[in-house]
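Inspection log for the structure reproduced underneath, given as C-alpha cells.
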Amino acid sequence: MTTPFSLKQRLPLYAEVMRLPRPIGIYLLLWPTLWAVWIAAHGKPSIKIVLIFTLGVVLMRSAGCVINDWADRHFDGQVARTKERPIASGRLPAREALYLFVFLIACSASLLLFLNWTTFFWSFGALALASLYPFMKRFTYLPQLVLGAAFSWAIPMAFVAQNQPPSALCWLLYAANLLWTVAYDTQYAMADRDDDLKIGVKSTAILFGDYDLLIIALLQAVFLALLALIGYMLHFGVIWSSTLGICVALFIWQWRHCRDRIPTHCTESFLHNHKIGMIIFLGLGLSYVL
C-alpha cells in the first residue's frame, strides 16, 4: 500500500496509531491519575497540576499505543480486530512510528520542567513500564499485570509532584488500580482469545481459562475493598459508600453482559469501565467537598 507523502496526509494515520479516535485508554488512565491528584492534595489540587497530569496522560497513553503497535506489527495482521491498524497494514512505516513514539515521549518529558526534581526521577519508571509492556505478551501470561503497573505509575508521581511522599494510602490506591486494570484488560483480552491462541500471544484471558469471569469478579471485589479501606482512612462517609455501591451494581452488569463470552460483549464490558472510573472520581470529589 502506498504511504502518504505529505504531512497533511500522514496526520490522520498518526491520530489513528495514537488511538485518538478511540479515547477509552485515555479515560482509564486519566481517572485513577485524578483520584491520586485529588487525594494527594487533600481535595484541593492546583489547576497547574491537574493540567500537567491530564496532558501527560494523553501523551503517554498515545506513546504507549504507538510502541504497542510497533511491537505487535507482525502479530496484528493475523488478528481480525487489528489487521487494519496503520503499521500492520503497511500504511505507516514502522520506522516512522518509532520517530512518532520518541516525539511523544519528548513532549511528555517537557512537562517535567514544570514539576519538582523528585517527579523527574520517578518518571523513568513510567517510561520503562510503558516501553516494556508491549513485549510481555511474548514471554508471560500476565502482561495485564505489567499494564496495571504502568497504568498505576502516575499515582505515586501525583503524590511526589505535590511534595507528598508515597504513603501507605498511595500504595493502597496503586494496588487497587493495578487489580482493576488486570480485571478490565482481561475482559479486553477475552475478545481476542481465539486469535491469540492461534498466533501464540499470551494473556490472562488464556491463563484464567474457564475461571476468567470468576477471577475478574474476585479482582473487582478486592479493588472495591481497598477503595473502602482508603475511604475509611480518609474519613469519608455515606457518599463514598454510595459510590462503591453503584460500582458493585455496574460490575454485576459487566458480569451478566459478558458471561456468554461473545467477543463483542466482552469488549463492551471492558469499555464500560470508563463509567466506573468516572463515578469513583465524582464520589471522591463530593466526599472532599461535603
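Bear in mind these aren't lab numbers, they're just calculated from the coordinates by the rules spelled out. Nothing here was measured: the structure is a model prediction, and the numbers come from that model. Methodologically, a virtual Cβ is constructed for each residue, glycine included, from the backbone with ideal geometry; neighbour enumeration extends over all protein chains shown.
Data table
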read-out	value
Relative exposure of Y232, Y133, judged by other C-beta atoms within 10 Å (fewest first)	Y232, Y133
The chain, helix-only ellipticity at 222 nm - DSSP H runs n ≥ 4, -39,500 (n - 2.57), divided by all residues, nearest 500	-24000 deg cm²/dmol
Count of lysine pairs in the chain with Cα separation under 20 Å (8 or more residues apart, or interchain)	5
Length-normalised contact order of the chain in % [C-alpha pairs under 8 Å, at least 6 apart]	20 percent
Shape call, the stretch 174-256: gyration tensor on alpha carbons, a/c limit 1.5	prolate
Options P23, H272, Y174, ranked by Cα towards positive dipole end of the stretch 8-289, top entry (Cβ charges)	P23
Size of electric dipole in the stretch 149-214: Cβ of Lys, Arg +1 and of Asp, Glu -1, about Cα centre, debye, nearest 20	280 debye
Relative exposure of R193, R10, R61, judged by other C-beta atoms within 10 Å (fewest first)	R10, R193, R61
Whole-angstrom Cα spans of the stretch 127-182 along principal axes, big to small	38, 20, 11
³J(HN,Hα), Karplus 6.51/-1.76/1.60, whole Hz, each residue of the stretch 258-275, x for Gly, Pro	10, 5, 7, 6, 5, x, 5, 5, 5, 5, 5, 5, 4, 4, 5, 5, 4, 5
Local net charge near E268, Cβ-Cβ under 13 Å (Lys/Arg +1, Asp/Glu -1)	+3
Sorted by Cβ density within 10 Å, fewest first, the residues H257, H74, H235, H274	H235, H74, H257, H274
Value of Rg/Rh across the chain [Cα atoms, Kirkwood radius]	0.97
Label-point gap, in nm, between K44 and D210 - each point 7 angstrom along Cα→Cβ	5.7 nm
Per-residue HN-Hα couplings for the stretch 279-290 [Karplus 6.51, -1.76, 1.60; θ = phi - 60°; Hz; x = Gly/Pro]	5, 5, 5, 5, x, 5, x, 5, 5, 6, 5, 9
